[in-house]
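Structure record follows, encoded as structure tokens.
The values are calculated or read from the model by the stated rules, or taken from the named source; none is laboratory data. Owing to the predicted nature of the structure, the values given are computational and were not obtained by experimental measurement. Cβ: placed from backbone, ideal geometry, glycine included. Neighbour counts: every protein chain shown.
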Amino acid sequence: MAEIMRKIQDELDDVVGKNSTVEELHIPKLHCLDAVVKENLRLHLVAPLLLPRHPSKSCYVARYTIPEGAQVLVNAWGIHRDPEAWDNPLEFHPESFLTKNGKWDYSGNNFHYFPFGTGRRICAGIPLAKRLLPYVLASLLHLFERRFADGTEIDMLEKTGITLKKMIPLVVVPKPRLLLEKYGYWFCG
Ligand code: HEM
């Protein structure tokens, strides 16, 4: 994990530099960060079972009859960990999103990877999330080193629900890594 963090911060230092702060124009050049966001959304989906579906008419899917009005849940969490689609599916390997560029996107058209859902009920916030997620993460990682609070370690255990949450909240202590003047009023008081 420490090595992935170093790669991301090296990329941020190359693309953004230590004398400026992250802007939207930098985001398309941050390939390593993009791969980390995508891999994180593979393993830790926001909505592990998507939103429930209810067919308006009985229908057949594969060999199964789905009666009208039945509640259908799609186990996207399981599909994202399918060993037939992913090498070492339980491990965090952002590299797979670097080498298969373009294959994995958020369109919902690839049924091995659809963190924003798929079809008519696909997430309505993709355009916003796609911009905001890397921008906020890039800004935080560029501005701060993060140290775990004394005696704590990262633990990725999840708490199940309609949305997935961390079982144990992450507590980090941010440490500035740029010149203090880049932090504006936060550190000037
Ligand atoms: C990391 C960020 C986000 C993720 C991973 C995410 C993921 C999802 C998923 C998996 C669904 C269910 C899709 C399905 O069942 O096929 C969904 C639905 C939805 N999302 Fe998001 N979402 C995110 C951010 C947002 C934001 C920022 C907004 C709004 C500003 C938003 C608005 C919605 C809405 C309105 C729906 C319901 C769509 C419908 O039922 O027709 N989401 N989202």
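A compact table of results
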{"item": "Considering residues of region 140-189 that are in a helix (DSSP H, G or I) and within 20 Å of the chain's Cα centre (by Cα) only, the residue surrounded by the fewest Cβ atoms within 10 Å (Cβ to Cβ)", "result": "140"}
{"item": "Residue 122 vs. criteria free of Cβ contacts under 8 Å to residues at least 60 places away in the same chain, under 14 Å from the mean Cα position of the chain (by Cα) and within 10 Å of the ligand (Cβ to nearest atom)", "result": "no"}
{"item": "Residue tally, condition out of contact with any Cys (no Cβ under 7 Å at 6 or more places or on another chain) and in a loop (DSSP other than H, G, I, E, B), over region 108-139", "result": "13"}
{"item": "Sole exception among (1) in a loop (DSSP other than H, G, I, E, B); (2) near the ligand (Cβ under 8 Å from one of its atoms); (3) modelled with pLDDT under 95 for residue 105, by number", "result": "(2)"}
{"item": "Breaking point among (1) farther than 24 Å from residue 15 by Cβ; (2) in contact with a Leu (Cβ under 7 Å, 6 or more places away or on another chain); (3) in a loop (DSSP other than H, G, I, E, B); (4) more than 8 Å from the ligand (Cβ to nearest atom), for residue 92", "result": "(1)"}
{"item": "Options 2, 35, 76; residue that is closer than 28 Å to residue 142 by Cα and within 16 Å of the ligand (Cβ to nearest atom)", "result": "35"}
{"item": "Tally, over region 1-13, of residues that are part of a helix (DSSP H, G or I) and surrounded by fewer than 11 Cβ atoms within 10 Å (Cβ to Cβ)", "result": "3"}
{"item": "Any chance residue 98 is part of a helix (DSSP H, G or I), closer than 30 Å to residue 19 by Cβ and touching a helix residue (DSSP H, G or I) at 6+ places or on another chain (Cβ under 6 Å)", "result": "yes"}
